[in-house]
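Here the structure is laid out as structure tokens; the discussion comes afterwards.
What follows is calculated from the coordinates using simple rules that are stated; it is not laboratory data. This structure is a prediction, so every number in the text was calculated from the model and none was measured. Every residue, glycine among them, receives a Cβ derived from its backbone with ideal geometry; neighbour counts consider all protein chains shown.
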């Protein structure tokens, strides 16, 4: 394990750029599709294609990185696949039929989980155990920082050229590949005995299914994350209705991200101490904020509710990382991270496509779907997870 204090800054710098690419990719595809094809519904299908391929790519990528002697190469390949795939989408959009564009988005999505789950799984291998909680709080903050900067810039770039938002994500991925050498990713000893790839895949899936706390966390964060999709599908429509411009989408997404940065800064100094409970509370708070978005009568109340929903994300992500590390062995850790990330991306893809279809019935139907998914995640997670702690343990810190 690398104990140098320089490990975390190098990791976080590259992580921020990588998450900027992933955070901007979805909104970029959506806005560019609306600009080129004139349909938010079709745009939601392209975004869903990007994230859906994570269902297959995530577990496999995680298992490969777990087994690799040098994880750096695996991450470089994943970044290259996503970058080339997005570039192909940018070139094909408006020139090739929509199914062909969706197929290219599927290819790009194969590398997606490596930049989220598998990347975070490297933290325990670089950072000492006594700094791990703070490291994961900072890692969760990279998502919020990336979400503040990248999506608003990407969506605003649509005024320059319809596909310019997609090219921003491609440029960020190229920068990540260049920075990989600065991150002290540990190599594994030569000649280490491996089980088969199939056995590693099975071991990772068993860990997710058989560890009650991990099972509950995976269910809540997967179904709950799907509940965020309606916000991103509704944002371009709200931007045109309220802001009078498609570029106002960046304001809505930016306010969502600023809420995340605000709480990320707090939890970087005061890390989550009870991760299992933080996941439950954050999801419930996010559901209330989403309901407020759907009921907001004015622009300012809409932005306030969006800020509140974004604020729920960093403590949830930090707590999710902590539970994954606590409940999984090092041998399958990267796979647990990437499989969980894949499940989240797949759920998000399904919810995105469904939200696009529900736009025919209005924004109210889209928001209702998101609230129902949040609530369903809590009901399923609590029903299939371990016993919920008694009330006094929730109210008093120890």
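At 0.36 nm per residue, minus the direct Cα-Cα distance, what do residue 179 and residue 245 gain on full extension? Give it in nm, one decimal, please.
My answer for the length gained is 20.2 nm.
Remind me, relative contact order of region 252-322 in percent, using alpha carbon pairs under 8 angstrom and six or more residues apart? Could the numbers behind the result be given before it?
Details: 93 pairs, mean separation 38.7, N = 71.
Relative contact order here is 54 percent.
Normalised Debye scattering of the chain at q = 0.07, 0.10 Å⁻¹ gives log10 I(q)/I(0) of -0.28, -0.60, counting only Cα atoms as equal scatterers and leaving out solvent.
For the chain, what is the relative contact order in percent, using Cα pairs closer than 8 Å and at least 6 residues apart in sequence? Relative contact order for the chain comes out at 28 percent. Length available on full extension from residue 80 to residue 388: 0.36 nm per residue minus the Cα-Cα distance, which gives 106.6 nm. Computed with the Debye formula from one identical point scatterer per Cα of region 207-363, without solvent, the log10 of I(q)/I(0) at q = 0.11, 0.12, 0.18 Å⁻¹ comes to -0.47, -0.55, -1.10. Residue separation of residue 301 and residue 270 scaled by 0.36 nm, minus their Cα-Cα distance, works out to 8.3 nm of gained length.
Would you mind classifying region 272-346 by shape? Square roots of the alpha carbon gyration tensor eigenvalues, ordered a ≥ b ≥ c; an a/c under 1.5 is rounded, otherwise it is prolate if a/b is larger than b/c and oblate if not. Prolate, because a/c is 1.5 or more and a/b exceeds b/c. Using C-alpha pairs under 8 Å with a sequence gap of at least 6, the mean separation divided by the residue count of region 222-360 gives a relative contact order of 38 percent.
Calculated FRET efficiency, residue 39 to residue 130, Cβ-Cβ distance, R0 = 51 Å: about 0.45 to the nearest 0.05. Computed over the alpha carbons of region 69-190, Rg followed by Dmax gives 16.6, 53 Å.
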